[in-house]
Amino acid sequence: MLFVRDVLVRKGSQIHTARPEDTVFEAVVNMEEHRVGCVVVLDDDGRACGMITERDFLRQLAVKELSARESNVGEIMSSPVVCARPDDTVQHCLEVMTAKRFRHMPVADDERRIVGVVSIGDLVKEIISEQRMDIDQLENYIQGKYPG
């Protein structure tokens, strides 16, 4: 069984953040510089109060006719934030992300501090990798190459 903590060990737990008062432009530059699809918006206590994704940027600015340089992250961020826990299964997170229709999920520890972010792509990649290992083991067993 795959857990979120395993995904973070493999992909890393670098987190890109913004504050609600940052401009949308600053947040988008942050995403572009780090080649990520989202930033976690943190409150003054360092806890997630929102997320801003490329999709939020495109949809919210266009619909509300806002300026990225003059609008704050707090105006367009998605909130409240649904967080995973390190001991959640990959399957559970995929189900939540699919049901709620989002592609990025922060991972929070017991104190609700953000310890990483997983994307739906990260989770699918892990499932494919695990399935590939299972197939390889079955093929080796069938071919008599399985250690036993």
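A short reminder: the numbers here are calculations on the coordinates, not readings from a lab. If you're wondering where the values come from, they're calculated on a predicted model, not measured in any experiment. So basically every Cβ, Gly included, is an ideal-geometry build from the backbone, and we count neighbours across all protein chains shown.
Figures for the structure shown
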read-out	value
For the stretch 74-87, Karplus couplings with θ = phi - 60° (6.51, -1.76, 1.60), whole Hz, Gly/Pro x	x, 6, 10, 5, 7, 7, x, 9, 8, 10, 8, 10, x, 8
In sequence order, calculated HN-Hα J values of the stretch 44-57 (Karplus, 6.51, -1.76, 1.60; Hz; x Gly/Pro)	5, 8, x, 9, 5, 10, x, 9, 10, 10, 4, 5, 4, 4
Principal-axis tilt of helix 90-100 within the chain, Cα atoms, nearest 10 degrees	40 degrees
Positive-end residue of Leu61, Val39, Leu8, charge dipole of the stretch 1-67 with Cβ unit charges	Leu8
Amide H within-cut-off set for Cys49, under 5 Å, with H built and near neighbours excluded	Val41, Leu42, Asp43
